[in-house]
Amino acid sequence: MTASSQSPARPAVRLGALARWETLLVILLVGLIAAGARMSPFFISGGNFANLTSSVMEIAIMALPMTLVIIMADIDLSVESMVGLAGAVLGTLVVAGVPLPLAIPVVLAVGALGGLLNGLLVTRAGLPSLVVTLGTLALFRGLANVLLGPTVISVWPDWFTSFGFGTIDGSPIPFTLVVFLVLVVVFWAVAHATWIGRQVFAIGKNAAASRYSGVRVNSMRNWMFVITGMIASLAGIILVARFSSARNDNGTGMTLTVVTVVLLGGVDINGGKGSIPGVVLAVFVLALLQNILRLAGVSSEFQGIAVGLLLVFSVIVPQLARQTRGAVDRARRSRRPPAGPIASGEVTA
Amino acid sequence: MNGSTRRFVVGLAAVALVVAACGSSTATTAPTAAATAAPTAAPASSAPAASQAASAAATQAASQAASGGVTAVMIPKQINNPYFDVAFKGAQKAATDLGGSVTQVGPSAADATQQVPFIQTATTQKAGAIIISADDATAVAPALKAAMAAGIPVVGYDSSPAVGAYNVFVNQADTNGIGAGLAQMACDLAPNCTGEIAVLSAAQSATNQNAWIAAMQTTLKDPKYSKLVWDGVVYGNDDPQVSTQQAQALLQAHPNLKVIVAPTTVGIVAAAQVVRAAKKTGQVFVTGLGTPKGMVDYVKGGESPEFALWNVTDLGYLAYAVANDLANKTITGAPGETFTVPSLNNGQPYTIGADSVVVLGPPFVFNKGNIDQYVASFGF
């Protein structure tokens with residue numbers, strides 16, 4: 001009841017703030033495109049577009065469920081190991097003679113199960129998701145190592161590898177980009193136009209208040225981990241297709257980039273705030289930045305530094321903005337009493 | 001509410017302006033940025049000024065000057081790795097000799113998923129040629145095939161991409177060459193090419209080592225080596241401690257042992273240490289495959305008067321020379337074709353073999369006379 005009475009005012013506040021962050025990202029995007037076009041004559045070309053998008057699609061796909069998880073004030077660090085485990089399971093099944101169209105759903109189920117393990121440990125055992133998924137980060141990678149050992153499975157059907165690497169005939173649009181865009185529409189709709197999305201935001205803002213308002217908080221968190229695990233295994237399948245090789249170290253280091261993209265997309269690391277469009281914009285900012293650095297011949301260590309700086313930047317700027325706003329609010333509150341729905345602090349008090 | 005909103009907008013707008021300003025300033029100074037970026041991408045560069053030209057201009061020049069040296073991009077498994085830096089120096093020397101240029105770019109960790117974007121970028125930039133040591137033979141194949149489809153010659157070196165994803169692979173040494181080299185060094189070191197020899201290998205399942213040892217045994221059937229007695233193979237797993245134990249066991253089990261052959265960089269050092277510690281210098285000799293830096297002490301100390309490795313500088317040199325020939329269309333990479341590189345192989349022609357593989361030559365032997373020079377130039 002309380003939730004519904006707050007909702008008319010709250011989305012207005014939220015959307016306004018997001019629009020500003022997204023504007024910044026759009027400006028960044030335009031700036032990057034202009035810089036890229038000036039710097040290299042090869043920047044504006046279909047081939048380059050295909051390269052720069054396909055190189056971040058696994059990260060982009062995983063950033064979507066990660067957005068919802070972080071909005072709920074949880075985190076899932078195990079996604080990169082699930083990418084590795086998915087590849088290992090897929091490779092093992094295919095080597096054992098299971099046809100690929102049958103193996104793929106099995107791998108997605110493994111991903112969902114891995115996510116369920118995360119979810120149950122978080123919700124039933126009441127452990128912080130940071131710790132649980134740090135554990136499963138090691139666990140899933142360990143399982144991948146056990147399944148594959150040092151062997152690399154590199155015999156895949158042509159249709160599978162051309163799905164991972166190819167573009168739609170006669171266009172520079174990678175098949176994997178289509179998968180991403182379909183998922184964007186689904187996640188966008190769910191996050192911003194359904195009761196599921198409203199509950200996700202509510203849990204992130206104040207889990208206790210949501211529980212008293214009748215939201216099944218733990219069930220929702222559990223489901224989000226299941227979905228994240230499943231999407232991570234999908235990313236694992238795509239990675240295998242793109243590189244036509246399943247190795248035990250597939251996906252290593254991806255979690256950092258996924259979280260970077262989500263935070264750069266304007267999602268609050270403390271939960272409760274964020275949007276799918278912002279994260280989609282951030283995906284392209286990252287893709288463009290990496291592409292431009294590579295075209296400029298910047299060495300790969302410095303590219304790593306760039307990703308790190310982006311992460312710091314995307315955490316610090318909103319934090320500074322929040323502090324500034326908080327100071328302004330406090331100053332105003334001392335002048336006149338608060339009227340109507342203002343800060344979440346009021347709800348908890 | 002309104003006031004704070006406005007201030008927040010103003011703040012963000014300020015940030016946005018700063019960011020936008022940074023963006024546009026990098027854009028306008030693009031030529032200088034590219035010029036400084038080139039040497040950063042090529043850390044080992046004693047690079048000629050020509051290679052510092054903006055990459056775009058350089059690649060255009062290369063595609064125009066079809067008969068001059070090609071502008072090649074060298075993509076090692078990993079950058080800032082001494083081994084690949086030495087190969088890059090060789091490629092740079094070849095580029096200077098042939099009037100072209102080469103830049104080295106690549107992943108900071110030996111990881112195929114990080115290597116592929118560099119291939120794609122080189123393709124986008126229409127590089128004159130790609131010279132690559134594959135992190136994963138199949139993972140890089142689709143990207144390399146796309147480069148070849150775009151008309152860019154692809155030369156593999158050190159670690160081969162999948163067959164069909166390169167025009168020519170420059171192999172540092174073939175199995176038979178290494179096997180023969182190991183047998184010959186054992187013969188050199190055993191007094192009068194007579195006495196017991198044993199092998200200290202890496203893991204029992206190590207593919208390369210097993211192939212080399214088998215080739216060595218084949219060579220030993222030659223009557224020339226009939227007085228060498230085979231004491232068998234032990235496995236040190238490329239672990240210093242296990243290798244040391246195995247070498248000690250060899251000395252105890254075979255009191256008349258003359259030569260330990262260790263075709264692994266870990267094993268050869270461990271064996272030389274054991275010989276020195278056991279005060280058997282001059283009685284038992286150690287040889288095999290090692291690095292100049294790891295072995296210099298034992299070469300001078302007499303435990304290992306000679307050992308072998310391929311010449312990494314020459315490997316880079318040959319890879320560039322082949323890329324250049326492919327770009328100039330003097331070769332296509334088809335098996336059976338021959339070509340000559342004046343400063344390599346004593347000026348004798350190279351022949352492209354099955355699967356479009358060219359072998360650099362017999363392993364390069366290091367001894368007291370040349371080791372200092374290679375410790376300095378290889379740095380590993």
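None of the figures in this text is laboratory data; all of them are computed from the coordinates on show. Just so you know, these numbers come straight off a predicted model, no measurement behind them. Counting neighbours? That spans all protein chains shown, and the Cβs are built from the backbone with ideal geometry, glycine included.
The phi-based Karplus calculation (6.51 cos²θ - 1.76 cosθ + 1.60; θ = phi - 60°) puts the 3J(HN,Hα) values of the range A:153-160 at 9, 10, 9, 10, x, 4, 4, 6 Hz, whole numbers, x for Gly and Pro. When the charge dipole of the protein assembly as shown is built from unit charges on Cβ atoms (+1 for Lys and Arg, -1 for Asp and Glu) and taken about the Cα centre, the candidate among B:ILE152, A:LEU148, B:ASN256 whose Cα reaches farthest toward its positive end is A:LEU148. Amide H to amide H, with H built 1.01 Å from N, B:ASP136 comes under 5 Å of no residue 5 or more places away or on another chain. This model, with +1 at the C-beta of Lys and Arg and -1 at the C-beta of Asp and Glu, gives the protein assembly as shown a dipole about its Cα centre of some 3080 debye.
If R0 is taken as 60 Å, the Cβ-Cβ distance between A:VAL178 and B:GLN373 corresponds to a FRET efficiency of 0.55. Going from the fewest other Cβ atoms within 10 Å to the most, the residues A:LEU29, A:LEU117, A:LEU181 appear in the order A:LEU181, A:LEU29, A:LEU117.
Under the simplified labelling scheme, the A:PHE302-B:LYS329 pair shows an inter-label distance of 3.7 nm, with each label point 7 Å from Cα along Cα→Cβ. Bridgeable lysines around B:LYS93 (alpha carbons under 26 Å apart, same-chain partners fewer than 8 residues away excluded): B:LYS77, B:LYS126, B:LYS293, B:LYS329, B:LYS368. Remark on B:ASN171: its backbone amide H falls under 5 Å from those of B:VAL358, B:VAL359, B:LEU360, a criterion applied only to residues 5 or more positions apart or on other chains, H modelled at 1.01 Å from N. Counting Cβ atoms of other protein chains within 10 Å of each Cβ in A:322-329 and taking the mean gives 3. Give the shape of the range B:175-309 as rounded, prolate or oblate, defined through the alpha-carbon gyration tensor: a ≥ b ≥ c are the square roots of its eigenvalues, a/c under 1.5 means rounded, and otherwise the shape is prolate if a/b is larger than b/c and oblate if not. It is rounded, given that a/c, with a ≥ b ≥ c, falls under 1.5. Only DSSP H runs of four or more residues enter the estimate; each adds -39500 (n - 2.57), and after division by the residues of the protein assembly as shown the mean residue ellipticity at 222 nm equals -20000 deg cm²/dmol.
For a straight C-alpha distance cut-off of 25 angstrom, the lysines reachable from B:LYS227 (same-chain residues fewer than eight places away being disregarded) are B:LYS258, B:LYS280.
Of A:VAL285, A:VAL155, A:VAL267, A:VAL79, the sequence from fewest to most neighbouring Cβ atoms within 10 angstrom is A:VAL155, A:VAL285, A:VAL267, A:VAL79. Note on A:GLU301, A:GLU80: ascending count of other Cβ atoms within 10 Å places them as A:GLU301, A:GLU80, the fewest first.
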